[in-house]
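Student: Right, I'll just put the structure down here and ask away after.
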Amino acid sequence: MKVMKFGGTSVGSPERIKKVAGLVTRSGEPTFLVLSAMSGTTNTLLEISDYLFKKNPDGANETINQLERKYLSHAEELYTNEDYKKETIQFMHEEFDYLRSFTKDLFTSFEQKSIVAQGEILSTHMMYNYMQEQGIDCVLLSALDFMRTDKNAEPDSQYIRKKLNALMDANDGHQVYITQGFICRNTYGEVDNLLRGGSDYTASLIGAAIDAEEIQIWTDIDGMHNNDPRVVEKTESVKRLNFEEAAELAYFGAKILHPTCIQPAKFAGIPVRLLSTLDPDADGTIIDNVTMRGTIKAIAAKDDIIAIKIKSSRMLLATGFLRKVFEIFESYQTPIDMVCTSEVGVSVTIDNGSHLQEIVDELKKYGTVTVDNDMCIICIVGDLDWSNLGFETLATEAMKDIPVRMISYGGSNYNISFLVKEQDKKRALQNLSKEIFGH
């Protein structure tokens, strides 16, 4: 069985829902379908929540009414059978009445998570009814019945496997199994969500739980490209990546995939394929545990980076200095991207400046602190083991005319990273593409 996940834009209109149904059933093989909320819905539900946080029920109700009208028009367009149309519209009325019920009581983050979950519940119900109308043998399984996180807010893999396989056994023999991405329950049974990677994470967890043949992530892009197509002309989709390369690219700017969401597939040894709804016959990108030796695969860029340098003569021959520095970032829950050290200082980069001032104030206890804003990390990904002679030279040669603030090489066998000013990003990506890929 394959797992197929479709994002919000892929189910963003009645026309696209019909197209997804066709893609899911064209092989005739049993399929597990994971759906996001229709594009724009989650943002609208967050807007409704914001009104309720601000104790403005009128604003919330007006936004709810607008969203309801949008969904009712989708139902009118999607279904031709009056029974399925009537049932779907009735379900939508119940859903939006449920949203209105939150305008009368105390509103907290717990209620917000319940509101946000309704986007996926709506999209899966619409798809389920449409497939039934088309005579497709399908069943709708609620993610809230099997997707759960533990006390550390991490997916409870054993629970998910046990509950999901029991549900599959109880609903054996269907062609398509449909469920919601993103949403789950926490260890206390409350409605929650997976945050990182959302529906992609759900698809990966399901694939691992049911030992799927393949996990397919469908978007509007034909896989991961070897450079940013918004900046560089003639980019191409990368045919194959291993999980480490895909994670590096995802973390350093390739927005098509979240870096953590494919970990369950990686550990289970299940390949992940990135495909395009706009070009369903394209090969896309396959991600697995196979490493293609001696090749550079792609280049990515991560914007809005802040560089922080801590210089201290006390660091010379001192033990514990780096521990104290890193503990400051940990205390403010601020991850570090790059690290470079010398005898008298250390430079790090972060992509979250929400606690920058507090971090700088703490660091000043240990040395002189310098901050550089508006920076960008350029990442070159591939088989970059140090024994591959000349690969690092290709990268540095392309960067010879661009000021480089930091270089990271050797921390991984799969990337070389350069920190540059954001204003030099375009030139850096173009130079690297020309040097490495010849265009």
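Student: Largest first, how would Phe437, Phe329 line up by accessible area (1.4 Å probe)?
Tutor: Largest accessible area first, the residues go Phe437, Phe329.
Student: Now, a different point. Residue by residue through segment 18-24, what is 3J(HN,Hα) from phi via Karplus (6.51 cos²θ - 1.76 cosθ + 1.60, θ = phi - 60°)? Round to whole Hz and write x for glycine and proline.
Tutor: 4, 5, 4, 4, x, 5, 5
Student: Let me check something: with ligands and nucleic acids excluded, how do Met1, Met147 order by accessible area (1.4 Å probe), largest to smallest?
Tutor: If we order Met1, Met147 from most to least accessible, we get Met1, Met147.
Student: Sticking with this structure for a sec: Need one value: the accessible area of Ile136 in square angstrom, 1.4 angstrom probe, rounded to the nearest 10.
Tutor: Solvent-accessible area, nearest 10 Å²: 30 Å².
Student: Can you compute the label reach from Leu195? Point 7 Å from Cα along the Cβ direction, backbone N cut-off under 16 Å, restricted to segment 318-338.
Tutor: 330-336
Student: Follow-up question, since we're still on this one. Taking the Cα centre of each part, how many Å lie between segment 135-192 and segment 317-339?
Tutor: Between the Cα centre of segment 135-192 and that of segment 317-339, the gap is 38 Å.
Student: Let me have the relative contact order for segment 239-327, percent, based on Cα pairs under 8 Å that are six or more residues apart. Please list the in-between numbers first.
Tutor: Numbers: 80 pairs, mean separation 28.5, N = 89.
Relative contact order of segment 239-327: 32 percent.
Student: Which length gain, in nm to one decimal place, applies between Glu422 and Glu236 when the Cα-Cα distance is subtracted from 0.36 nm times their residue separation?
Tutor: 64.6 nm
Student: For segment 261-323, what class follows from the C-alpha gyration tensor (a ≥ b ≥ c being the square roots of its eigenvalues): rounded when a/c is under 1.5, otherwise prolate if a/b is larger than b/c, else oblate?
Tutor: Prolate is the answer for segment 261-323, as a/c is 1.5 or above and a/b outweighs b/c.
Student: Report, by chain and number, residues whose modeled amide H sits under 5 Å from the one on Thr31, excluding near sequence neighbours (fewer than 5 apart, same chain).
Tutor: Sorted by chain and number, the residues that satisfy this are Val176, Tyr177.
Student: Check which residues have an amide H placed less than 5 Å from Lys297's amide H, if you skip close sequence neighbours.
Tutor: Val381, Gly382, Asp383
Student: Separate question: Can you tell me, using C-alpha contacts under 8 Å and at least 6 residues apart, the relative contact order of the chain as a whole percent?
Tutor: Dividing the mean separation by the residue count of the chain yields 13 percent.
Student: So, with +1 on the Cβ of K and R and -1 on the Cβ of D and E, and no other charges, what is the size of the charge dipole of the chain about its Cα centre, to the nearest 20 debye?
Tutor: Computed about the Cα centre, the dipole is about 1040 debye.
Student: Equivalent ellipsoid semi-axes for segment 174-222, as square roots of 5 times the alpha carbon gyration tensor eigenvalues: give them largest first, rounded to whole Å. If you can, show how the numbers build up before the last one.
Tutor: Details: eigenvalues 88, 44, 21 Å².
Semi-axes from the Cα gyration tensor: 21, 15, 10 Å.
Student: Now for a separate question. Over 27 Å between Cα atoms: which of Lys19/Lys162; Lys234/Lys425; Lys19/Lys70; Lys266/Lys400; Lys302/Lys434; Lys19/Lys302 fall into that group?
Tutor: Lys19/Lys162; Lys266/Lys400; Lys19/Lys302
Student: Any chance you could look up the accessible area of Ser109 with a 1.4 Å probe, heavy atoms only, rounded to 10 Å²?
Tutor: In the full protein context, Ser109 sits at about 60 Å².
Student: To the nearest 20 Debye, how big is the dipole of segment 95-234 about its Cα centre, given +1 on the beta carbon of each Lys and Arg and -1 on that of each Asp and Glu?
Tutor: 440
Student: Sticking with this one: Go ahead and set up a Gaussian network model of the chain, Cα springs under 10 Å, then flag whichever of Thr370, Thr149, Thr277 fluctuates most.
Tutor: Greatest mean-square fluctuation among the candidates belongs to Thr370.
Student: Given the options Met1, Val116, Met92, identify the residue whose Cα lies farthest towards the positive end of the charge dipole of segment 1-128 (+1 on Cβ of Lys, Arg; -1 on Cβ of Asp, Glu).
Tutor: Met1
Student: Continuing with this model, one more query. Straight-line reach from Lys324: which aspartates and glutamates have Cα under 17 Å away, leaving out those fewer than 8 places along the same chain?
Tutor: Within the straight-line cut-off, Lys324 pairs with Glu343, Glu358, Asp361, Glu362.
Student: Sticking with this structure for a sec: List the pair-distance distribution P(r) of segment 52-156, using every Cα-Cα distance, as the percent of pairs falling in each 10 Å bin from 0 up to the bin containing the longest distance, rounded to whole percents.
Tutor: Taking all Cα pairs of segment 52-156, the binned fractions are 13, 38, 30, 17, 2 percent.
Student: Might you tell me the accessible area per residue for segment 244-377, computed with a 1.4 Å probe and given in Å²?
Tutor: The answer is 48 Å² per residue.
Student: Note down the relative contact order for segment 299-350 as a percent, whole number, built from C-alpha pairs under 8 angstrom at least six residues apart.
Tutor: 49
Student: In addition: Counting helices only, and only those DSSP H runs with n ≥ 4, report the 222 nm mean residue ellipticity of the chain as the sum of -39,500 (n - 2.57) divided by its residues, in deg cm²/dmol to the nearest 500.
Tutor: For the chain, the value works out to -12000 deg cm²/dmol.
Student: Would you please give the FRET efficiency between Arg100 and Ser73, computed as 1/(1 + (r/R0)^6) with r the Cβ-Cβ distance and R0 = 25 Å, to the nearest 0.05?
Tutor: Rounded to the nearest 0.05, the efficiency is 0.85.
Student: Leaving ligands and nucleic acids out of the surface, order Asp169, Asp150, Asp279 by accessible area at 1.4 Å, largest first.
Tutor: So, going from the largest accessible area down, we get Asp169, Asp279, Asp150.
Student: When the accessible area of segment 31-141 is computed with all protein chains present and a 1.4 Å probe, what percentage of it is carbon and sulfur?
Tutor: Values: 2390 of 5060 Å².
After summing per-atom areas, the C and S share lands at 47 percent.
Student: Which ³J(HN,Hα) values, rounded to whole Hz and listed in residue order, are derived for segment 296-310 from phi using the Karplus coefficients 6.51, -1.76 and 1.60 in 6.51 cos²θ - 1.76 cosθ + 1.60 with θ = phi - 60°, glycine and proline given as x?
Tutor: 9, 8, 6, 10, 9, 9, 10, 8, 6, 9, 10, 9, 10, 10, 10
Student: Put +1 on the Cβ of each Lys and Arg and -1 on the Cβ of each Asp and Glu in segment 222-353; which of Tyr251, Leu241, Pro280 then has its Cα farthest toward the positive end of the dipole?
Tutor: Tyr251
Student: With 20 Å bins from zero, work out the P(r) of the chain over every alpha carbon pair and list the percent per bin.
Tutor: All Cα pairs, binned at 20 Å, distribute as 23, 50, 25, 2 percent.
Student: Here is a follow-up. Put +1 on the Cβ of every Lys and Arg and -1 on every Asp and Glu Cβ in segment 291-439; which of Gly367, Asn352, Val420 then has its Cα farthest towards the positive end of the dipole?
Tutor: Gly367
Student: Now, a different point. Want the number for Lys434 to Asp137: 0.36 nm per residue separation, take away the alpha-carbon distance, what's left? Don't skip to the answer; put the middle values down first.
Tutor: Working: separation 297, 0.36 × 297 = 106.92 nm, distance 5.05 nm.
Net length gain for the segment: 101.9 nm.
Student: Modelling each spin label as a point 7 Å along the Cα-to-Cβ direction, I'd like the Leu322/Val404 distance in nm, to one decimal.
Tutor: 2.0
Student: Now for a separate question. I want the antiparallel fraction of DSSP beta bridges within the chain, as a percent rounded to 5.
Tutor: Approximately 60 percent, going by the DSSP bridge assignments.
Student: Convert each backbone phi in segment 110-120 into a coupling constant with the Karplus relation 6.51 cos²θ - 1.76 cosθ + 1.60 (shift: θ = phi - 60°), then list the ³J(HN,Hα) values in order as whole Hz, x for Gly and Pro.
Tutor: Ordered by residue, 3J(HN,Hα) equals 5, 5, 4, 5, 5, 5, 4, 5, 5, x, 5 Hz.
The values are calculated or read from the model by the stated rules, or taken from the named source; none is laboratory data. Keep in mind it's a predicted model, so treat the numbers as computed, not measured. Please note: Cβ atoms are built from the backbone with ideal geometry, for glycine as well, and neighbour counts cover all protein chains shown. Only protein heavy atoms, including side chains, enter the accessible area calculation; ligands, DNA and RNA are left aside. Shrake-Rupley method; radii C 1.70, N 1.55, O 1.52, S 1.80 Å.
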